[in-house]
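Okay, so here's the structure we're looking at.
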Amino acid sequence: MGMDNMFSVFDISGSGLSAERVRMNVIANNIANANATDTPEGGPYRKEQVEFSSLLSKTMKNSGIKGAERLGGVKVQQIVKSTEPFNKVYIPGHPKADAKGFVNMPNVSVMMEMVDLVTASRAYEANLAVINSSKDMNNKALSIIGK
């Protein structure tokens, strides 16, 4: 494994760690606002979702293919607000209730957010495992060279 490959493993997994951390923060924000019926923008809180995009990097110098690219990690492209309709809940007497007693609640499903949080957590752990395995392999290779 060349030095370029060794560092690209850390770059790719590091970008994954960073992206999943942002995703977990957005999920935590969604859960925290799952009952917020009033926001500064007006109306109930709208669920936010993270969109990722691939990072491409130039291939190794010795590949012989001009302009060729390979995957170089992931980045957060943007954080978008969901367009799903709000949940209507019957809560007569609530200050935000309509004439029939229904309140527009955030379009956040805490159960689905928890599933997404577990998924993001597992992806974070997988990237961390790749970094640790690569670090261990590099240390073993260095110890062999040093003997």
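The values are calculated or read from the model by the stated rules, or taken from the named source; none is laboratory data. Remember, predicted model here, so these are calculated numbers, not experimental data. Using ideal geometry, Cβ is built from the backbone for each residue, glycine included, and neighbour counts are taken over all protein chains shown.
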Quickly run through the range 38-57 and pick out the residues that are modelled with pLDDT of 95 or more and either over 16 Å from Lys81 (Cα atoms) or out of contact with any Lys or Arg (no Cβ under 9 Å at 6 or more places or on another chain) (or both).
Tyr45, Glu51
List the residue pairs whose Cβ atoms are under 8 Å apart, where the first residue sits in the range 97-117 and is closer than 17 Å to Ser82 by Cα, the second is in a strand (DSSP E or B) and aliphatic (A, V, I, L, M), and the two are 6 or more positions apart or on different chains.
Met105/Val89
It is to be established whether one or more residues within the range 61-81 are of a type in the set (Lys, Arg), in contact with an Asp or Glu (Cβ under 7 Å, 6 or more places away or on another chain) and modelled with pLDDT of 95 or more.
yes
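Take the residues in the range 88-127 that are polar (S, T, N, Q) and in a loop (DSSP other than H, G, I, E, B); name whichever of them is nearest to Phe10 (Cα to Cα). Lay out the reasoning, then the answer.
So the first thing to find is which residues in the range 88-127 are polar (S, T, N, Q), and the list is 104, 107, 109, 119, 121, 127.
Going one step further and asking which of them are in a loop (DSSP other than H, G, I, E, B), we end up with 107, 109.
Numbers: Asn107: 37, Ser109: 35 Å.
Among those residues, the one meeting the criterion is Ser109.
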Where residues in the range 89-133 are charged (D, E, K, R) and closer than 22 Å to Gly42 by Cβ, which of them is surrounded by the most Cβ atoms within 10 Å (Cβ to Cβ)?
Lys96
Just one of the numbered conditions (1) at pLDDT below 85; (2) in a loop (DSSP other than H, G, I, E, B); (3) of a type in the set (A, V, I, L, M) is not true of Met6; which one?
(2)
Of everything in the range 19-46 that's surrounded by fewer than 16 Cβ atoms within 10 Å (Cβ to Cβ), among the small types (Gly, Ala, Ser) and assigned to a helix (DSSP H, G or I), which residue is farthest from the chain's Cα centre (by Cα)?
Ala32
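Condition check ((1) at pLDDT below 95; (2) of a type outside the set (A, V, I, L, M, F, W, C)) across all residues:
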| residue | (1), (2) |
| --- | --- |
| Tyr90 | no, yes |
| Ala97 | yes, no |
| Phe102 | no, no |
| Asn107 | no, yes |
| Val115 | no, no |
| Arg122 | no, yes |
| Asn127 | yes, yes |
| Asn139 | yes, yes |
| Ile145 | yes, no |
If we ask which residues in the range 25-44 are out of contact with any His (no Cβ under 8 Å at 6 or more places or on another chain) and over 17 Å from Met111 (Cα atoms), their number turns out to be 7
Quick check on my filter: what residues within the range 100-135 are among the basic types (Lys, Arg) and under 14 Å from Leu17 (Cβ atoms)?
Arg122, Lys135
